Amino acid sequence: MSCSDLIKQYVLDEFLPGVGPEELEADYDLRANGVIDSLGLLRVVTWLEATFEIPMEEVEIVEQDFTSLTSITRFVELHSAAGQSDVDYLGKAA
Amino acid sequence: MTGWRATVVAARPAGLETIVPYSRSLLGCLADFARNRPESTALVMGGDRVSYAELCAMTMSAYNGLTALQLPSDARVALHAAKTPRTVALIVACLLARRPFMLPSTELGATALEELLEKADCTDVLTAEPGAGVGGLRVHKIDTTAVPPDGDLAGLDGITGPDVSPDATSFIFTTSGSTGLPKVVPLSFQAVERFTEWAVTKFRLRPGTVVLNYAPFNFDLCLLDLRATFKAGGTTVLVESERATNGKHLAELIRTESVEVVQSVPMLYRLLADAHDGEPFETVTHVIVTGDKMPAKLLPELPRLFPNARFYNIYGATETNDSFIHEITGDLTAAGPLPIGRPLPGVDALVLDADGVVVDGPATGELLVSTPFQTAGYAVGGGADKFVERDNGRVYFRSGDLVDRDADGVFTLVGRNDSQVKVRGVRVNLEEIEQVLLGHERIAGAAVVALPDDVAGLVIHAVVRRDTTEPLGVLGLRQFCRERLARAALPTTIRVVDDPLPTTSTGKTDRKAVIRDLLNGS
């Protein structure tokens, strides 16, 4: 599963139960539309830290990095210790 | 209701004199501190420290910018309440210029904001943030850097002049309504001066006292965090809105800035307790819990976090400001809800029974309060019946809160007489959200409920019945809500159903049944 697919699945499972993957566009504003509120953001950050080995202590958390699937993916690609976007996660081929 | 009459614009409470001479007014104090202790810190945010001299220079700069706009003398403006020292300077400049200013929530949806600005007659919106994207017809960016900090502060002398009417409007706050539009709550200079005078004395604010500001600027809590602190010559530490839910950051901030006074909704204490590393916050002397019910589980954590502090539960509404205080002492693990205590000095509280009759002694009923700090009435929205004048000449605010008063005169909150709830300290009306959802052309029914949550206190869930067989996307509905509601009022989940919503025997939506269904996951 690719990095962006994994993030999408997490957001759907965690914040949008019942919403299909085809409904959630990559640039849908998750913050302004109240899908991820400030407490939800903490959960996302904790999950990203664990899943993508991002050293959150060293990374500046800026709200703009979490407005959409696109921006979260970009954030992960930039900061992930696991490296670039083509890396497979959970051992599965993308 | 015998002995009562509704007033459209409530009078000032009778028998309350002008208690604050102008030489002690906030603005006079700021000017004094700028001259006598120019290097002392007024504001801290992020790595930035702003001295009293710098704050006054920023204020003069904003004042000049504001004057240059040449707005009609009685025109109200709206301020973009971004949480920065620049915005503080702009607020003080508006006070200096006697310009009534409204502070709408920065999280209000675009459609709702436009409507609010129109209803409140605020055609001009001011922002001190150079790069801010701000809604409104005419947006003016106000420069707060044009006057150097060592410049001429002579203009500040004008601020102790005699021409301010104590009843003139200073701050204008907004608070949630039940119709989809916030209520607009103007506060007079006098009301604010009286309140800050109380806060300075009660919490022993002095030159150099460090006060944490957790609430966003559109909350009346800032009158204590900032206005009272400046009056005393203290330092306000601003919590950046983006980092307000980061417990580790908050703990570090309290420690590095040696914060002494903390006022917040319970959520801050929850976040601090969760992030706690065992090292207590030794410098904190006063801890104020306000805006929401304190969870019983969280209460015993307070002395562990703040071993040197006194603890207070404060009750108030935007309309009246703080009205009750309860000092929390003794066994903090005791069962039962935390009392809101007794009325503040100068506050009168009444309990109305189910028949609308004022009752004495131990009683349960609706709380009515009259405070020296209250608004003279809504400028926009809200029924005039929320303010009632009694035979004693005092005007009381009908809080809608149900209270229990014991034989000792100690009050405890027991509920609401309407569908208003608190979400992280923000007043949210469930009916308002339902009305907004019902405004969607493909929704035939809507039920909005609040369910308990460990961290947030309450979270909002919506169930809507679609008036169509076509798919009705939750994401589109969210966007629809977001344009019309404040962010705190956006439901955490929206569920779309086809079956009619459960109703009571009188045909109203049965929220209890909806809650049962949600809890059972059916």
If you take the residues in region B:433-473 that are exposed (fewer than 14 other Cβ atoms within 10 Å of the Cβ) and polar (S, T, N, Q), which one is farthest from residue B:510 (Cα to Cα)? B:469
Please go through region B:247-263 and give me each residue that is at pLDDT below 95 and in contact with a Leu (Cβ under 7 Å, 6 or more places away or on another chain), ordered by number. B:247
Select, from A:77, A:60, A:23, the only residue that is assigned to a helix (DSSP H, G or I) and either of a type outside the set (A, V, I, L, M, F, W, C) or in contact with a Leu (Cβ under 9 Å, 6 or more places away or on another chain) (or both). A:77
Could you please find all residues in region B:485-497 being at pLDDT below 90 and more than 9 Å from chain A (Cβ to nearest Cβ)? B:486
What number of residues in region B:475-510 are under 20 Å from residue A:23 (Cα atoms), out of contact with any Leu (no Cβ under 7 Å at 6 or more places or on another chain) and β-branched (Val, Ile, Thr)? 3
Within region A:1-17, the count of residues that are closer than 17 Å to residue A:41 by Cβ and either assigned to a loop (DSSP other than H, G, I, E, B) or facing another protein chain (nearest Cβ under 9 Å) (or both) comes to 2
Considering region A:32-48 alone, what residues qualify as being hydrophobic (A, V, I, L, M, F, W, C) and part of a loop (DSSP other than H, G, I, E, B)? A:32, A:35, A:36
List the residue pairs whose Cβ atoms are under 6 Å apart, where the first residue sits in region A:37-64 and is at the interface with chain B (Cβ under 9 Å from one of its Cβ atoms), the second is outside any helix (DSSP H, G or I) and of a type outside the set (D, E, K, R), and the two are 6 or more positions apart or on different chains. A:38/B:245; A:39/B:245; A:39/B:455; A:39/B:456; A:42/B:245
Of the residues in region B:26-73, those that are without any contact (Cβ under 8 Å) to a residue 12 or more places away in the chain and either part of a loop (DSSP other than H, G, I, E, B) or within 14 Å of residue B:88 (Cβ to Cβ) (or both) come to B:47, B:49, B:70, B:72, B:73
Where in region B:433-518 are the strands (runs of 3 or more DSSP E), entirely inside, with at least 1 residues that are more than 26 Å from residue B:241 (Cα to Cα) and small (Gly, Ala, Ser)? B:443-453, B:457-466
Residue among B:325, B:340 that alone is in contact with a Lys or Arg (Cβ under 9 Å, 6 or more places away or on another chain) and at pLDDT 95 or above: B:325
Please verify whether residue B:308 is buried (at least 20 other Cβ atoms within 10 Å of the Cβ), touching an Asp or Glu at 6+ places or on another chain (Cβ under 7 Å), away from chain A (no Cβ under 14 Å) and of a type outside the set (A, V, I, L, M), treating the condition exactly as stated. no
Just name the residue that is surrounded by the fewest Cβ atoms within 10 Å (Cβ to Cβ) out of those in region A:18-36 that are of a type outside the set (Gly, Ala, Ser) and more than 7 Å from chain B (Cβ to nearest Cβ). A:22
Looking at (1) more than 9 Å from every other protein chain (Cβ to nearest Cβ); (2) at pLDDT 90 or above, which is the only condition residue A:80 fails? (2)
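The values are calculated or read from the model by the stated rules, or taken from the named source; none is laboratory data. None of the values given here were measured: they were computed from a predicted structure. Every residue, glycine as well, gets a Cβ built from its backbone with ideal geometry; the counts of neighbours run over all protein chains shown.
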